[in-house]
Amino acid sequence: MPRYQFTSALVTGASSGIGWEYAQELARRGTEITVVARRTERLHQLAKGITNVKVNVVTADLCSEEGVASVEQRLKDSPVELLVNNAGADGGGGTFTSRPPEQEADMVRLNVLALVRLTRAVVEPMVAAGKGGVLNVSSLAGDQPLRGFATYAATKAFVSNFTEGLAAELRGTGVHVTLLKP
C-alpha cells in the first residue's frame, strides 16, 4: 500500500518528544509544517534544523481560550491536510486531592477540549475536500485507572474513545483518523 504524501500539516506539542519527532519526519517527507507549542525558542530551534520545507512557527498555550482560538483561526486561514494533536500534559502526577484544582482543569482543557476544537476546525474542510488526516496522541494510561494520575488517565480514555468514534463516523469520506497510544 503506498503512503499518502501530505503537503501540509499542523503539529501541536512540537517543542519536544513525539511532536518534535513527527514534525521532523513530516519535513523529511516533504510536508510543509506548522509547529505549535508554548515554548517559542524550542519551536525556532526545531524550525532552524529543517531546511527542505517551509516551517511555520505558532506560539500558543492550548490550555487557554486565546491559544486555542488562535490556532483555530490559523487552521481556518491556512487549512492543512494533516492535523497531529500531540499537545498534552500529565500534570506531574499526584493524588487528585493533593493537586491544585486549576492544574486539573488545565489538563482537561489541553488534553480534551483543545483536541476536540482543533479536530473540529479541520474535519469539515477535509471532508469537503474528500481527503485529509487527523492523528490523535493518547496513551495506554487511558486503558486503566491510574493511581496518582486519575485525571490524566481519564482524559486519555476520552481521546481514545473520541478518536475511534470519529474514525467510524468519517469512514468512506477520504478523511483518515488515527490513534497513537504510546
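The values are calculated or read from the model by the stated rules, or taken from the named source; none is laboratory data. These numbers were taken from a predicted model, which means no experiment stands behind them. Note that each Cβ is placed from the backbone with ideal geometry, even for glycine, and that neighbours are counted across all protein chains shown. Heads up: the accessible areas ignore ligands, DNA and RNA and are worked out on the full protein's heavy atoms, side chains in. Shrake-Rupley method; radii C 1.70, N 1.55, O 1.52, S 1.80 Å.
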Q) Would you call THR7 surrounded by 21 or more Cβ atoms within 10 Å (Cβ to Cβ), under 26 Å from LEU179 (Cβ atoms) and of a type in the set (S, T, N, Q)? A) no
Q) Of the residues in the range 88-138, how many are over 20 Å from SER160 (Cα atoms) and open to solvent by 20 Å² or more (accessible area, probe 1.4 Å)? A) 18
Q) Has the range 110-129 got at least one residue that is under 27 Å from ARG29 (Cβ atoms), in contact with a Phe, Trp or Tyr (Cβ under 9 Å, 6 or more places away or on another chain) and in contact (Cβ under 8 Å) with a residue 60 or more places away in the chain? A) no
Q: Please work out which one of (1) surrounded by 13 or more Cβ atoms within 10 Å (Cβ to Cβ); (2) without any contact (Cβ under 8 Å) to a residue 60 or more places away in the chain is the condition ASN85 fails and give its number.
A: (2)
Q. Which residues, counting only those in the range 51-99, are under 17 Å from the mean Cα position of the chain (by Cα), acidic (Asp, Glu) and either modelled with pLDDT of 95 or more or farther than 22 Å from TYR22 by Cβ (or both)?
A. ASP61, GLU65, GLU66, GLU72, GLU81
Q. Does the range 34-57 contain any residue that is among the acidic types (Asp, Glu) and more than 25 Å from GLU124 (Cα to Cα)?
A. yes
Q | Exclusive hit being touching a residue at least 12 places away in the same chain (Cβ under 8 Å), in a helix (DSSP H, G or I) and either touching a Lys or Arg at 6+ places or on another chain (Cβ under 9 Å) or under 14 Å from THR12 (Cβ atoms) (or both), set THR151, THR155, THR163 | A | THR151
Q. Inside the range 142-168, can you point out the residues that are under 19 Å from ASP106 (Cα atoms), open to solvent by less than 40 Å² (accessible area, probe 1.4 Å) and not hydroxyl-bearing (Ser, Thr, Tyr)?
A. GLY142, GLY148, ALA153, LYS156, ALA157, VAL159
